[in-house]
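> One structure coming up, written as structure tokens, with questions to follow.
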Amino acid sequence: MVFWGSISPPEDADDLKSQLRGSREKMLALTFDDFEREVRTVLHGLLGPAGFDVTEDILAITVNRWPHGYSYEYMQLWDPVRDKSRVHPGGICLAERPSRRRQRTEFNHESLP
């Protein structure tokens, strides 16, 4: 079973960048015990009435924290244009060093032989 969850932004976060930054900080502050408790609580509430026992039926929990999922993605309509001199030849870009505005791996299939 795959269980997906998200983090609500802090109440005092006014703009999108602050909301994403606050959610990222909240997620990184959670311990594995926090994640496990939340997963068990939600699954007990959803599946407990049908006979699911969280103490017996859960064999393992794997937590993947992806804080970059709460990164701001620049939008052409609202954000100023960035320096385009950072674009790498061949259109290949690594996620750790994005040459474009998006914080994702980009690949140009036309550059392949």
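The values are calculated or read from the model by the stated rules, or taken from the named source; none is laboratory data. Being a predicted model, the structure only gives us computed values, none of them experimental. Virtual Cβ from ideal backbone geometry, glycine too; neighbours counted across all protein chains shown.
> What helices (runs of 4 or more DSSP H) lie completely within the range 1-75 and have 2 or more residues being loosely packed, with under 11 Cβ neighbours inside 10 Å? First the steps, then the outcome.
Numbers: elements: 16-29, 32-47, 54-57.
Answer list for the range 1-75: 32-47, 54-57.
> What's the total number of residues in the range 19-37 that are more than 15 Å from the chain's Cα centre (by Cα) and free of Cβ contacts under 8 Å to residues at least 12 places away in the same chain?
Total satisfying the criteria: 4.
> Moving on to the next point. Spot the failing condition for V81; the list is (1) over 20 Å from the mean Cα position of the chain (by Cα); (2) modelled with pLDDT of 75 or more, and only one is missed.
It is condition (2) that V81 fails.
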